Amino acid sequence: MDPDAVKSTLSNLAFGNVIAAAARNYQKEILANEKVQAAPASHEEVDLDELMDDPELEKLHAERIAALKKEAEKREVLKRQGHGEYREITEGDFLGEVTGSEKVICHFYHREFYRCKIMDKHLKALAPVYVGTKFVKLDAENAPFFVAKLAIKTLPCVILFKKGIAVDRLVGFEDLGRKDDFSTRALENILKMKGIIDEKKKDDEDDDNEGDTSKNRRIRSSTIEDSDSD
């Protein structure tokens with residue numbers, strides 16, 4: 001046999017073995033990658049199944065659903081009492097409105113006063129956000145009895161009621177920098193600070209009522225002024 005032919009045959013066999021081995025290695029690598037990619041998905045499915053059967057998770061879910069349902073029912077009750085919107089009331093409605101809810105914001109306004117319109121805009125924006133507080137407005141010209149009783153002399157005048165008692169007030173824009181371009185957030189922060197749109201402990205609310213009631217009973221001039229003159 002020709003020695004060169006034998007060498008050629010052996011070389012071809014060796015090359016063929018190398019190619020075959022490379023092909024096998026490549027196939028193994030592909031299979032390994034597929035297993036790695038498939039593993040997380042399978043693991044996730046098992047974890048999800050385990051979570052779905054977890055009694056603690058089911059209990060937490062049921063409690064959350066019950067809390068949401070209770071909150072929704074509470075909001076519906078408040079809405080039936082006139083909460084969640086900024087409404088106009090009459091002098092005849094006044095006592096029933098301010099005594100019928102725990103927290104009430106009442107804006108005494110004049111239709112022709114520019115600053116009253118500014119206050120209207122901001123209160124209207126806040127009313128649907130703070131459903132726990134009732135937001136109403138009353139035309140001061142059509143409510144002379146309560147204007148005199150509450151000693152209102154400057155408009156806009158926003159009076160804050162807790163449990164039917166006038167505990168504080170915003171007169172004109174005194175608490176808002178005496179400027180017309182204050183933001184809704186600025187008014188919101190003032191109302192929060194005064195405790196009329198945030199949750200406080202009952203004891204704190206009682207203290208506020210006792211401390212502020214006498215202040216709001218001071219006798220003032222009954223002459224109505226437009227705060228625009230500041």
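The values are calculated or read from the model by the stated rules, or taken from the named source; none is laboratory data. Treat the numbers as computed from the prediction; the structure is a model and nothing was measured. Note that we place each Cβ from the backbone using ideal geometry, even for glycine, and neighbour counts take in every protein chain shown. Remember, those area values only see protein heavy atoms, side chains included, never the ligands or the DNA or RNA. Shrake-Rupley method; radii C 1.70, N 1.55, O 1.52, S 1.80 Å.
Would you kindly identify the helices (runs of 4 or more DSSP H) lying entirely within segment 49-136 that contain at least 3 residues that are over 23 Å from the mean Cα position of the chain (by Cα) and modelled with pLDDT of 80 or more?
Once the helices (runs of 4 or more DSSP H) in segment 49-136 are filtered for at least 3 residues that are over 23 Å from the mean Cα position of the chain (by Cα) and modelled with pLDDT of 80 or more, what remains is 91-99, 114-126.
Might you let me know whether segment 138-146 holds any residue that is assigned to a helix (DSSP H, G or I), closer than 25 Å to Arg185 by Cβ and modelled with pLDDT of 95 or more?
Of the residues in segment 138-146, the ones assigned to a helix (DSSP H, G or I) are 140-142, 144-146.
If we keep only those that are closer than 25 Å to Arg185 by Cβ as well, we get none.
Checking segment 138-146: not a single residue is assigned to a helix (DSSP H, G or I), closer than 25 Å to Arg185 by Cβ and modelled with pLDDT of 95 or more.
Looking at this structure, is Asp168 at pLDDT below 95 and either touching a strand residue (DSSP E or B) at 6+ places or on another chain (Cβ under 6 Å) or surrounded by fewer than 14 Cβ atoms within 10 Å (Cβ to Cβ) (or both)?
no
What pairs come up if the first residue lies in segment 99-119 and is over 21 Å from Lys134 (Cβ atoms), the second is modelled with pLDDT under 95 and open to solvent by 10 Å² or more (accessible area, probe 1.4 Å), and their beta carbons are under 8 Å apart, counting only those six or more places apart or on different chains?
What qualifies is His110/Ile224; His110/Asp226; Phe113/Asp226; Phe113/Asp228; Tyr114/Asp228; Arg115/Asp226; Arg115/Asp228.
What is the one condition in (1) modelled with pLDDT of 95 or more; (2) open to solvent by 60 Å² or more (accessible area, probe 1.4 Å) that Gln27 does not satisfy?
(1)
Restricting the search to segment 60-98, which residues are loosely packed, with under 13 Cβ neighbours inside 10 Å, of a type outside the set (A, V, I, L, M) and over 17 Å from Val131 (Cα atoms)?
His61, Glu63, Arg64, Thr90, Gly92, Gly96
Going through segment 147-160 one residue at a time, which ones are in a strand (DSSP E or B) and open to solvent by less than 10 Å² (accessible area, probe 1.4 Å)?
Initially, segment 147-160 is screened for residues in a strand (DSSP E or B), giving 154-155, 157-160.
Across segment 147-160, the qualifying residues are Leu155, Cys157, Val158, Ile159, Leu160.
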